[in-house]
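Note sheet for the following structure.
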Amino acid sequence: MKEKRLSLIYPQEREKEKKRRKKRIFLIILAIIIIQIVAYRQYILTAIGRYLIYQEPPQKADLIAILANWEDTIVRVRAGADLYKKGLAKRVFICRMERMEGLEEIKKLGIFIPENRDLAIIVLEGLGVPLAAIETSKREVTSTREEAKEVCSFVEKKGYKSILLVTSKYHSRRAYLIFKDVLKGQAKVISTPSSYDSYNPEGWWKKEKDTKRVIHEYEKLLLYYWRKVF
């Protein structure tokens, strides 16, 4: 009876006590979660880094498609050249990246600066890939999806049924997903990211460059999955 009387006299105090109790429970749960994250942070961060990589065993294909990127041009091209020299495909395809702003004005001044595509071709030839085996797109591309569309158009034209997809490790899962979407089963996509890539999934958070790459890739992956669902 006394407790009932108190509940009638002090309803606000009882409500405050309930809120305080809920807050304490929430803080305890939050503390447990934080402790678990700290304890297993190495495992969690490594899993985050590894998820970006999608790699399959190299196999014979009709075409090697090397994805364009200024920063990673050499590491991607070297991997593509290795696949060619192993006899896994007879043709290599490189997309034409959007040219740097001001490039045409510089050319008018008599200064030659190679485009990304030209640089890739120079490296490929230097590594033993004949010019006759190299194909490229005329249209400039600004995204992985646009590259996939260019490759798809070329594959359709040539009647190819399989491609070896060469890109950087951290970019490989998203690139594979996009190419699968665009090609729609028209050709088999085999993901073979470059072994020359310095990206390390077991320590990416220790290097500023890799940290930026991971954050950037997850932003784009989330956007990819969002578009798939909605």
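Laboratory data are not the source of any read-out in this text; all were calculated from the coordinates shown. Everything quoted here is computed from the prediction, not taken from an experiment. FYI the Cβ positions are ideal-geometry reconstructions off the backbone, even for glycines, and counts take in every protein chain you see.
Set the bar at 22 Å for Cα to Cα. Now go through K86/K138; K149/K188; K169/K207 and name every pair that lies beyond it.
On the way: K86/K138 28 Å; K149/K188 15 Å; K169/K207 15 Å.
Among K86/K138; K149/K188; K169/K207, the Cα-Cα distance tops 22 Å for K86/K138.
Rank-order 173-185, 94-106, 19-31 by packing density, defined as the average count of other C-beta atoms within 10 Å over each peptide's residues, highest first. Kindly include the intermediate steps, with their values, before the conclusion.
Details: 173-185: 17.8, 94-106: 14.8, 19-31: 10.0.
Answer by packing, highest mean first, reads 173-185, 94-106, 19-31.
Length gained on full extension, S153 to A133, computed as 0.36 nm times the residue gap minus the Cα-Cα distance: 5.4 nm.
Calculate, for L109 and I74, the FRET efficiency according to 1/(1 + (r/R0)^6) with r their C-beta to C-beta distance and R0 22 Å; round to the nearest 0.05.
On the way: r = 27 Å, r/R0 = 1.22.
The pair L109/I74 has a calculated efficiency of 0.25.
In the chain, the calculated helix contribution to ellipticity at 222 nm averages -18000 deg cm²/dmol per residue, counting -39,500 (n - 2.57) for every DSSP H run with n ≥ 4. Charge tally for E219 (other residues, Cβ to Cβ under 12 Å; Lys, Arg +1; Asp, Glu -1): +3.
Per 0.36 nm of contour for each residue apart, how much would the distance between K85 and E140 grow if the chain were fully extended, relative to their Cα-Cα spacing? Before the final figure, lay out each step's value.
Values: separation 55, 0.36 × 55 = 19.80 nm, distance 2.74 nm.
Contour length minus the Cα-Cα distance gives 17.1 nm.
Can you check what the net charge comes to around I190, using other residues whose Cβ is under 12 Å from the Cβ of I190 (Lys, Arg +1; Asp, Glu -1)? Walk me through the numbers before you get to the answer.
Numbers: positive: K60, K161, K180, K188; negative: E56, D62.
Neighbour charge sum, excluding I190 itself: +2.
Based on Cα contacts under 8 Å between residues 6+ apart, the chain shows a relative contact order of 26 percent.
Each of (1) 13.7; (2) 12.9; (3) 20.7 is a candidate for mean projected area of the Cα convex hull in nm²; the one calculated from this structure is (3). Positive contributions from Lys and Arg (+1) and negative ones from Asp and Glu (-1), summed over other residues with Cβ under 13 Å from the Cβ of A132, come out at 0. For a label point 7 Å from the Cα of E101 along Cα→C-beta, name the residues of the stretch 123-140 whose backbone N is under 17 Å from it. Output list for this probe position: empty.
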